[in-house]
Structure formats: structure tokens, C-alpha cells
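The structure appears below as C-alpha cells.
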Amino acid sequence: MHNQAHKLYEELGELARFVESAMAAISEVSPQIMSSTTQLPTAASHLSDLSKMTEDGALEVMRLTEMLQESHGQAVKELSAVVETLRAMDCTTLVGRLEKVTSALAQDDKHLTEIMTTLSFQDLVAQRVKKLVTILNEVQGKLMELVVVFGLQQNNRASTDSGTAGELLKQLEESKTTAMQQKVADDILAQFGFK
Amino acid sequence: MPADSNMKILVVDDMVTMRRIVKNILKQLGFANVEEAENGQEALQKLRADTYGFVVSDWNMPVMTGIDMLRAIRADEKLKSTPVLMVTAEAQQSNLVEAVQAGVSNYIVKPFTAETMQEKIGKIFK
């Protein structure tokens, strides 16, 4: 009986030491956990920005491609009319040359359509970004649970600024606020005499 | 029955870039009468309010997914014979099986080419 109680006492002591060391370990990483928790919404926001930027870029390329397709269509119509006139005048050499031009334009049209379809990469990027944002939100939820369960001390200022991730996010934030539209830059350059 | 180039086509996708790409390809294939919807629910409203010859739809969309829209179309007496072409990044076999079971007319995996779309439309209206 006495031996059993002694064994139980030892096991409880071991368990207490394990809990204490686990708490110490968690406490040691608490600044990083807090840092990650506070940085995740910003990281998610940057990912969403990435999605928007690729969308804007793709739409601009599409607008230009559609303009080229439109002008190609007009050129082909005009060329067909000229070819018909020349054919009536029996100018076979000129008709042959213009038909070559029409054929080259048709080939270009094929390439323009390929440019349009290639831009579907943006949709695939956006879908992956959406999934990553969902994962980040889930991870943030789990980290918050950890913070609540273990009552980790908050030290937002110190933790947010610490670590490589914090530094990178800080740089991204700064790049966001220092990014300049070309028009604004041109206006400023113009004030300094640039033309 | 060859595809009527005057028929009204509905392109359903939450991404503006994809709607524009599909619309552009359809135009190159001779279909100029194309309308757009951002999700399955909006598409169903349009389909019930007008007559469309053909639907091109994405799978993953907010509010109502493409597969749910497809099931609703097939369950609707007026719409059930409307051809539906799914254009999606969902390349898993289970998704394709689900779409076939729901009554999809054909299935294109992103990224795709204009030739693929032409081929699939040709098969639907053969």
C-alpha cells in the first residue's frame, strides 16, 4: 500500500515536472505565437492584393488584345474589298500578295486568341490565393485558441516587429504606402522641369 | 443539329477575367450574342427570364456553385434541355463524375485553348 502510494506520488511529480517544462516551452515561444497571430491578417490581405493586381494586369492585356483583334478584323475586311476589286481588274500578282497579307493577319489573330486564353492563369492564381487565405484564417483561429488556452502574454508592439516574417511584412506595408502612380510621379517630375 | 450562331449564350463565372476570355473565344467562333452572370443564382434568374441556347459555367462560385446550378437546370421543366458546358479548374475524377451524373453536356479543364472549346461546342451540337 505504502509502495503504491509512493509510486503514485513519484508519477504525479513526474507529470507536474512535464507540465511545468511544457508551460515553460510554450511561454518561450509565446512572442512568436503572438507575432504570427497578429501578422496573419496582414499576410492574408497581401495575398488578396496580389490577386487583385494580377486581375488588373490581365484585364489591361485583354483590353489591348481586343483592340488589336478589332483592328485586325477591320483590316481583313478592307483587304478583302481591295482583293475583289483587283481580281476584277485581273491583277493576279497583287491579289496573290494581298492574300498573303490576309493569311498573315489570320495567323496573328490566332496568336491574339492564344494570348487571351493564356490569361486564364489569373483565374487559377486567384483560386489558389483564395484557398491560401482560407488556410491562413484557420491557422489564425487555432493560434488564437492557443493564446486563450495558455493565457499567453500579449506584447503586440515587440512581437509584431520581430522576426523575418515581421520584417518582410513591414517592408510590404511600406511598399504599399510608398508605391506611386506614374501620373503622380510625372506631375512631380514636371514641377522640376522634366518634360 | 449544328450550333446556331445567333443563339443567346450565358457565360457564368465569378471571375471577370474568365468571363471575358470565354466571351472572346465565343466571339471568335462566331457567337456574338453572349450574356454574363456572376454565380449560379444570377444565372438561374436570367435563364428563367429569357431563352438561352447554351450555358458555359464555372464550378467554384460564391452564392451558388456551378454544379448546384446544373442540378437546378436539370430539375426545371423549362430549362432541363439547355446544354451546359462546365469550364473548371476542378480536374479531379470525382468532380467530373459528379458533373456527368448531374447531367453536364461537356466538361473543359482550365487552362484551355480556343480549339478545345470549339471541339466541345461542336460535340454538344453534333
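The values are calculated or read from the model by the stated rules, or taken from the named source; none is laboratory data. This one's a predicted model, so the numbers in the text were calculated from it and none came from an experiment. Heads up, the Cβs are rebuilt from the backbone with ideal geometry, glycines too, and the neighbour counts pull from every protein chain shown.
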If you check B:82, B:51, B:65, which single one turns out to be surrounded by fewer than 21 Cβ atoms within 10 Å (Cβ to Cβ), within 14 Å of chain A (Cβ to nearest Cβ) and on the phi < 0 side of the Ramachandran plot?
B:65
Where a residue in segment B:98-126 is within 14 Å of chain A (Cβ to nearest Cβ) and its partner, wherever it lies, is charged (D, E, K, R) and in a helix (DSSP H, G or I), with Cβ under 8 Å and at least six apart
B:108/B:120; B:110/A:123; B:113/A:114; B:114/A:114
Kindly list the number of the only condition in (1) over 19 Å from residue A:122 (Cβ atoms); (2) touching a residue at least 60 places away in the same chain (Cβ under 8 Å); (3) hydrophobic (A, V, I, L, M, F, W, C) that fails for residue B:55.
(2)
Restricting to segment A:52-92, give me the number of residues that are within 11 Å of another protein chain (Cβ to nearest Cβ) and either among the polar types (S, T, N, Q) or in contact with a Pro (Cβ under 8 Å, 6 or more places away or on another chain) (or both).
3
Looking only at segment B:91-105, count how many residues are closer than 28 Å to residue A:110 by Cβ and either among the aliphatic types (A, V, I, L, M) or modelled with pLDDT under 90 (or both).
1
Within segment A:106-122, considering residues that are in a helix (DSSP H, G or I), aliphatic (A, V, I, L, M) and more than 13 Å from residue A:75 (Cβ to Cβ), the one farthest from the other protein chains (Cβ to nearest Cβ)
A:115
Just a yes or no: is a residue in segment A:93-105 surrounded by 14 or more Cβ atoms within 10 Å (Cβ to Cβ), at the interface with chain B (Cβ under 10 Å from one of its Cβ atoms) and in a helix (DSSP H, G or I)?
no
What's the number of the only condition in (1) surrounded by 20 or more Cβ atoms within 10 Å (Cβ to Cβ); (2) modelled with pLDDT under 95; (3) away from every other protein chain (no Cβ under 14 Å); (4) more than 16 Å from residue B:5 (Cβ to Cβ) that residue B:39 fails to meet?
(2)
Of the residues in segment B:51-60, how many are within 16 Å of residue B:35 (Cβ to Cβ) and out of contact with any Leu (no Cβ under 6 Å at 6 or more places or on another chain)?
5
Taking only segment A:83-92 into account, find how many residues are assigned to a helix (DSSP H, G or I) and surrounded by fewer than 15 Cβ atoms within 10 Å (Cβ to Cβ).
5
The one condition residue B:75 fails out of (1) of a type in the set (Gly, Ala, Ser); (2) more than 30 Å from residue A:73 (Cβ to Cβ); (3) touching a Phe, Trp or Tyr at 6+ places or on another chain (Cβ under 6 Å) is (3)
Residues located in segment A:10-46, provided they are exposed (fewer than 10 other Cβ atoms within 10 Å of the Cβ) and hydroxyl-bearing (Ser, Thr, Tyr):
none
Boolean, residue A:115 is closer than 30 Å to residue A:22 by Cβ and either at pLDDT 85 or above or in contact with a Cys (Cβ under 7 Å, 6 or more places away or on another chain) (or both):
no
